[in-house]
Amino acid sequence: MQIGLQSGSYKITVSKDNMVAVQETRVGLGNMSEVDFLLQPITGGRPMTEEEAEVMKAKIEVATATFEEAVALSQAGQDDEAVAKFTEVVGSLETCGECYVNIGTIYARQKKYDEAEKAFKTALEQNPSLPDAYNGLANVYNAQRRFDEAAEASTEANKLQQQAGGSGGANTAFNQGVIMWNSGRAPEAKAQFEEALKADPNHPEAHFMMGKVYIGLGQFKEAVNEFETYLKLAPTGANAKEAQSNVDQLKPLIK
């Protein structure tokens, strides 16, 4: 309770920049509860009314539920349905950088690289501080053998993650590893894949690439372990057939 206030009902207005929240609360003896505020954009140069704030709050709740539904559809491999749901969120909120990141990821998975690139760039137009969008671009450029652009996007993702207090992340390390692998720098690539697995031991693509590194080193037992780990983590992944083929070919060579 604010010291010096008489008991009763109060309307509290909180504002910052072009955001505002208005909420009524009861102040009384022994009332030490905290009050949370959901800041909303100022409408037409004026603060939102309570009714407008309630409408906005309801819209955000629906959009959040739709976003979670879209993520579940994407994880289940229902790509078209997931894209439709993410697009529905965009239509509701107008801006949703994370929606476009997820749409780009789906298109990249489908090897629709032009659509994926457009989605990731749209995400960055809406929010330039999304490292996952830069990581997505790095993946797209890697797949298209546009290695200079891939390196630039990966570097930007790493910079943003470090600014946010992170260490760079598994995806960034993985992308840098792929760039080095494609440019023939196997030792540096191995170090980056190891860094990716240190950050995320369940990163399937990093295990797959480590398997390829071990083949190059003639360490077939280690390669098989990596490919089998990939198959456990991503049994229907994009590299599952190649991983299984490598396992079948390498196992007879292990003494």
Discussion item. Please determine whether any residue of the range 178-188 is touching a Ser or Thr at 6+ places or on another chain (Cβ under 8 Å), outside any loop (DSSP other than H, G, I, E, B) and free of Cβ contacts under 8 Å to residues at least 60 places away in the same chain.
Written reply: yes
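Any residue that is β-branched (V, I, T), within 23 Å of V101 (Cα to Cα) and exposed (fewer than 15 other Cβ atoms within 10 Å of the Cβ) - is there at least one of those in the range 149-159? Walk me through how you get there before you give the answer.
Within the range 149-159, the first condition is being β-branched (V, I, T), and the residues that meet it are 155.
With the extra rule that they be within 23 Å of V101 (Cα to Cα), the set shrinks to 155.
Subset that is exposed (fewer than 15 other Cβ atoms within 10 Å of the Cβ): none.
The answer is no, given that none of the residues of the range 149-159 is β-branched (V, I, T), within 23 Å of V101 (Cα to Cα) and exposed (fewer than 15 other Cβ atoms within 10 Å of the Cβ).
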Worksheet entry | One residue from G91, G77 being at pLDDT below 95, within 19 Å of the chain's Cα centre (by Cα) and either surrounded by fewer than 13 Cβ atoms within 10 Å (Cβ to Cβ) or not in a helix (DSSP H, G or I) (or both) | G77
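Kindly indicate whether N171 is on the phi < 0 side of the Ramachandran plot, assigned to a helix (DSSP H, G or I), surrounded by 15 or more Cβ atoms within 10 Å (Cβ to Cβ) and over 24 Å from the mean Cα position of the chain (by Cα). So that I can check it myself, show each step before the final result.
Details: on the phi < 0 side of the Ramachandran plot: yes; assigned to a helix (DSSP H, G or I): yes; surrounded by 15 or more Cβ atoms within 10 Å (Cβ to Cβ): yes; over 24 Å from the mean Cα position of the chain (by Cα): no.
Considered against the rule, which asks whether it is on the phi < 0 side of the Ramachandran plot, assigned to a helix (DSSP H, G or I), surrounded by 15 or more Cβ atoms within 10 Å (Cβ to Cβ) and over 24 Å from the mean Cα position of the chain (by Cα), N171 comes out as no.
Of all residues in the range 211-255 being hydroxyl-bearing (S, T, Y), surrounded by 15 or more Cβ atoms within 10 Å (Cβ to Cβ) and closer than 26 Å to Q110 by Cβ, which is farthest from the chain's Cα centre (by Cα)?
The extreme case among them is T229.
The values are calculated or read from the model by the stated rules, or taken from the named source; none is laboratory data. No experiment lies behind these values; they were computed from the predicted model shown. All Cβ positions, glycine included, derive from the backbone under ideal geometry; neighbour counts span all protein chains shown.
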